[in-house]
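None of the figures in this text is laboratory data; all of them are computed from the coordinates on show. Keep in mind that this is a model prediction, so the values were computed, not measured. Reconstructed Cβ throughout: ideal geometry from the backbone, glycine too, with neighbour counts over all protein chains shown.
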Amino acid sequence: MMELNMYINGEWVHARSGKTREVLNPATGEVIALAAEGDVEDARDAIQTARQAFDSGIWSELPAAERGRYLLAIADKLEQQSEEIVRLETLDNGKPLRESAFDVADAVACFRYYAGIVTKPDGQTYHVSDPMQTLVVREPVGVCGLIVPWNYPLLMAVWKIAPALAAGNTIVFKPSEVTPVTAQKLFAIIDEVGIPKGVANMVMGAGPTVGNEIAESHLVDKVSFTGGTVTGRSIMRAAAGNIKKISLELGGKSPNIVFADADFETAVDYALFGIFANQGEVCSAGSRLLLEDSIYDRFVARLVERTKKIRIGSGDDPATEMGPLVSQAHMEKVLRYIELGKEEGATLLCGGNRITENGLDKGYFVEPTIFTDVTPEMRIVQDEIFGPVLVIQRFSDEAEAIRMANDTPYGLAGGVFTQDGAKALRVIKKLRAGITWINCFNPTYNEAPWGGYKQSGIGRALGTYGYEEYTEVKQININLQVQPTGWFEE
Ligand code: NAD
């Protein structure tokens, strides 16, 4: 049994209360770890530490290249330990090994990307009016609170920690209470590479206590949150007290639009990948499939045929293509949505049940599920289910596809499949979403900004945009002829 502790001021500590929380393997329901269950007081310890570390300049005043070297060292160690971290991510989250392997490789690349960014040209200069020269420089925001969900436990952590540290901030990081295992490994590496004490801190515990304290504390300058839209709203309110800077990466109900002239098998393949990769627990999942009338029947038939072949099992079986949902509570939420879909009058085309055969009865397995005959106002069409549940909508022309695609409160992602390049770009330009794909769905790159329009969030992760989110911008006006203005007479 693993024992997971918090990392504050360079020390591994128990919760002040001594409380722990059981962490379960979602494939079996077995307890795999006991995690320190922090509370408000523990969060305050970590925040205070990060504040002192920031104000001391111990990190922000290091040459950028030196901070970059720390990030490169973290990347190297993550890579060296990747086999074990992959295994632990699957054990904790349930996702198939091949997905954990992808996440860990991407986390390594993310640290390397930001290690590079930090030494690249930055800032601006303006020759304003004689004798003045204006410089624009970027500085760290200060203490950053970083709060992440359970669907990509390590990767979501790294998307925040790498740019925040690169830019010279100090951090208080909180993993999801459901999946704290790989964050422990990451902080053990942060410790090993010798990042100065107090710069990087990790607290664990529940959102409404530990998470809320991070969002509320006046000692925290910025909060960067990834999670559900309802929580995002609460974080925004909590952050208002000291006008914290906020970045929010929230939910989605993203449309995947397939026109009749699309490459048929490619579109089917990505429709599957869009919704059933990572058990559908993907913020950018293509959870609404929009099909053009003339290919509707053929496409749906082929999709159902392929869906029924998806191999479901424990994530640690290399043959598994789809693992369990992350927790019993989440599985129950997804199953409730499936019941709701039936009550709303949608047609359940395939799936819809918990899987209990072949030794899967102790885990949280749900069949890949597809609904048709849906109407735009149904909850299963509007709400993020965050599981392997696809709704299929039908359209007859480009204008209708665009209208349907934009018809939810979310605006995270969207995709278009067509062999007509002009049509693809016309449609994409009308999508009110921050992440879009043409003839593919779901790939993400460290170089490109990630984030949503509408209620899918504020700000962007990754790329130079993601780096800028962890900086403040300062103008420095320099007088090159030092003499009085004479504005007021002597
Ligand atoms: P969640 O909002 O319940 O929790 C996310 C994190 O916030 C957890 O660490 C949790 O402890 C914490 N939290 C909960 N209540 C809090 C509060 N009141 N104050 C401060 N912190 C609080 O989300 P989840 O169920 O863990 O994850 C699923 C959600 O995450 C989905 O909606 C998904 O779309 C979203 N997500 C978005 C992205 C993105 O990039 N846009 C990526 C991954 C997941």
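Quick look at the numbers
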{"item": "Normalised contact order of the chain, rounded percent, pairs of Cα under 8 Å and 6 or more residues apart", "result": "18"}
{"item": "Shape box of the chain [Cα atoms, principal axes, largest first, Å]", "result": "85, 57, 39"}
{"item": "Fraction of beta bridges assigned by DSSP in the chain that are antiparallel (%, nearest 5)", "result": "40"}
{"item": "Range in the chain, longest, excluding exposed chymotrypsin sites (Phe, Trp or Tyr not before Pro) [loop by DSSP; at most 16 other beta-carbon atoms within 10 Å]", "result": "1-444"}
{"item": "Only Lys, Arg (+1) and Asp, Glu (-1) charged, at Cβ; the stretch 1-110 dipole about Cα centre in debye", "result": "120"}
{"item": "Coil-residue trypsin sites (Lys or Arg not before Pro) of the stretch 414-479, DSSP, other Cβ within 10 Å capped at 13", "result": "none"}
{"item": "Mean Cα-pair separation over length for the stretch 283-340, i.e. relative contact order, pairs under 8 Å, 6 or more apart, %", "result": "16"}
{"item": "Share of Cα-Cα pairs in the stretch 157-215 lying beyond 18 Å, as whole percent", "result": "33"}
{"item": "Directionally averaged projected area (convex hull, Cα atoms, the stretch 118-204), nm²", "result": "7.3"}
{"item": "Top positive-direction residue, dipole computed over the chain with Cβ charges, set ALA43, ILE214, GLY252", "result": "GLY252"}
{"item": "Cleavage-rule hits, GluC sites (Glu not before Pro), the stretch 49-158, DSSP coil, Cβ neighbours within 10 Å at most 13", "result": "GLU61"}
{"item": "Separation in nanometres of the label points that stand 7 Å from Cα toward Cβ, at GLU11 and ASP191", "result": "1.2"}
{"item": "GluC sites (Glu not before Pro) within the stretch 334-442: DSSP coil, no more than 13 neighbouring Cβ in 10 Å", "result": "GLU357, GLU377"}
{"item": "Dipole magnitude of the chain, debye to nearest 20 (Cβ charges: Lys/Arg +1, Asp/Glu -1, about Cα centre)", "result": "420"}
{"item": "Listed pairs LYS160/LYS333; LYS185/LYS308; LYS19/LYS197; LYS185/LYS245; LYS19/LYS95 exceeding 31 Å between Cα atoms", "result": "LYS185/LYS308"}
{"item": "Given charges at Cβ of Lys, Arg, Asp, Glu: the chain dipole, positive-most of VAL128, ALA101, PHE173", "result": "VAL128"}
{"item": "All aspartates and glutamates inside 18 Å of LYS342 as judged from Cα atoms, apart from same-chain residues fewer than 8 positions distant", "result": "GLU332, GLU367, ASP373, GLU377, ASP383, GLU384"}
{"item": "Distance from the stretch 412-456 to the stretch 117-151 (C-alpha centre basis), Å", "result": "28"}
{"item": "For the stretch 352-490, size of Cβ-based charge dipole, Lys and Arg +1, Asp and Glu -1, in debye", "result": "300"}
{"item": "Kirkwood Rh (inverse of mean 1/r, distinct Cα pairs), the stretch 34-126, angstrom", "result": "16.1"}
{"item": "Percent RCO, i.e. relative contact order, over the stretch 390-486, from Cα pairs under 8 Å lying at least 6 residues apart", "result": "22"}
{"item": "Alpha carbon Rg of the stretch 129-262, scaled by the compact-globule rule 2.2 N^0.38 Å", "result": "1.26"}
{"item": "For the stretch 261-314 and the stretch 369-403, distance of Cα centres in Å", "result": "13"}
{"item": "Gyration tensor (alpha-carbon) shape descriptor, the stretch 349-490, a/c threshold 1.5", "result": "prolate"}
{"item": "Prolate/oblate/rounded label for the stretch 403-475 (Cα gyration tensor, a/c 1.5)", "result": "prolate"}
{"item": "Overall dimensions of the stretch 242-319 by Cα: Rg and Dmax, Å", "result": "16.3, 56"}
{"item": "Rounded, prolate or oblate (a/c below 1.5 giving rounded, otherwise prolate when a/b exceeds b/c) for the stretch 101-162 by Cα gyration tensor", "result": "prolate"}
{"item": "Proximal lysines relative to LYS423, as straight alpha-carbon distance under 19 Å, when same-chain residues fewer than 8 apart are discounted", "result": "none"}
